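Working notes for the structure below.
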Amino acid sequence: MGEVHDRIVITNDTKFLGFVREFTSRMIRQSSLSREDENKIILAVDEAVANIIEHAYENQREGTIDVECQADAQKFVVTIRDSGQQFAPEGVEAPNIEGHVKAKKKKGLGIYLMRLIMDEVRYTFREGIQNELVLVKYIGGKPKTPQA
Amino acid sequence: MAEFHIQTKKLNNNIVFIAVQGFLDAHTFEEMEKTINDLFDGGTYRLVVDLSKLDYISSAGAGVFIGAIGTAQENDGNIVLMKPSPNVKEVFDLLGLSQIFPFANDVDGAAKLFA
């Protein structure tokens, strides 16, 4: 890919979320992404990593989370890898926010935000090896699928 | 990195003003939750939350207010959000919360919403 490429590795502790946000911010600022998108993409990455910290490593087992950012003129790609247990965002339905308020439900909004903000959210799970979550934001809008 | 701070101040009419500063995320939301729960336990359900110095909020942070507004309203109170920064307001907008929470520009405006 090219122009922008870096990665960080954190342990699965929410105290490192600020570090992840700072890293993502730095990568966004080095890319061609609009500054208007910065807060939202930082949020999407924060939600993804927070979700892994909460769900992937059972019984507070220590693990690592690898966050890699790559960008070129067309897209900004964040790849997040962990070796915890499977948690597939595909199975999570979009929330009814009024229902959330009524039920006093505090959680379950992170994946919705991730999908809302990013153009693509892809998840690959290989048991016992690695989970990989890829978040893509196209610069200047999502390209149209070529017609056959 | 800015730390997370919460300051509370009692106002008239059983209203408590809560100033929140820094980053409200999956690491800090429990402190916010405890502050609100302690106020509820003490019988205070009218809360004005000043978000002007809050740099960032994630769904974990917003979830504290989502989980609490129902209890406040059931007890003749409410949670009025004051002056969110553009980044924080953007998250409330994305979640569709801007239609659910009352917003105010200052303490007087917030207090009128409890009248």
*So how do A:Asp37, A:Asp13 line up by other beta-carbon neighbours within 10 Å, fewest first?*
A:Asp13, A:Asp37
*Principal axis dimensions, largest first and in whole angstrom, of chain B by Cα*: 36, 25, 21
*Treating the beta-carbon of each Lys and Arg as +1 and of each Asp and Glu as -1, no other charges, what is the dipole magnitude of the protein assembly as shown about its Cα centre, to the nearest 20 debye?*
480
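Can you give the Kirkwood hydrodynamic radius of the protein assembly as shown from its Cα pairs, in Å with one decimal? The partial results should precede the final answer.
Values: mean 1/r = 0.0515 Å⁻¹.
When all Cα pairs of the protein assembly as shown are included, the Kirkwood radius is 19.4 Å.
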*Reachable lysines from B:Lys83, Cα under 18 Å, same-chain residues fewer than 8 places away excluded?*
B:Lys9, B:Lys53, B:Lys112
*In percent, how large is the relative contact order of the stretch A:4-138, given Cα pairs closer than 8 Å and 6 or more residues apart?*
27
_Largest-first principal axis extents of the Cα set of the stretch A:26-75 (Å)_ = 41, 17, 16
*Just A:Ile42, A:Ile97, A:Ile111 to compare: in a GNM of chain A, with alpha carbon springs under 10 Å, which one fluctuates most?*
A:Ile97
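For chain A, take the alpha-carbon Rg, divide it by the Kirkwood Rh, and send me Rg/Rh. Kindly include the intermediate steps, with their values, before the conclusion.
Numbers: Rg = 15.6 Å, Rh = 16.0 Å.
We get a ratio of 0.97 for chain A.
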*Express the relative contact order of chain B as a whole percentage, based on alpha carbon pairs under 8 Å and six or more residues apart in sequence.*
24
*Can you give the mean number of other chain Cβ atoms that lie within 10 Å of the Cβ atoms in peptide B:89-102?*
3
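Cut-off is 10 Å between beta-carbons; in what order do B:Asp55, B:Asp108 appear when sorted fewest neighbours first?
Values: B:Asp55 17, B:Asp108 8.
Ordered from fewest to most neighbouring Cβ atoms within 10 Å, B:Asp55, B:Asp108 come out as B:Asp108, B:Asp55.
Full extension from A:Asn96 to A:Asp66: what is 0.36 nm times the residue separation minus their Cα-Cα distance, to one decimal in nm?
On the way: separation 30, 0.36 × 30 = 10.80 nm, distance 3.15 nm.
Between A:Asn96 and A:Asp66, full extension yields 7.6 nm more.
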*If you find the alpha carbon centre of the stretch B:21-62 and of the stretch A:24-68, how far apart are they in angstrom?*
22
_Average beta carbon contacts from partner chains per residue of B:49-57, 10 Å cutoff_ = 1
*With chain B treated as a Gaussian network of Cα nodes joined by springs under 10 Å, which of B:Asn75, B:Asn105, B:Asn13 yields the largest mean-square fluctuation?*
B:Asn13
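Every read-out reported here was derived from the displayed coordinates using simple, explicitly stated rules and does not represent laboratory data. Only a predicted model underlies this, so the values are computations on that prediction, with no experimental measurement involved. Please note: Cβ atoms are built from the backbone with ideal geometry, for glycine as well, and neighbour counts cover all protein chains shown.
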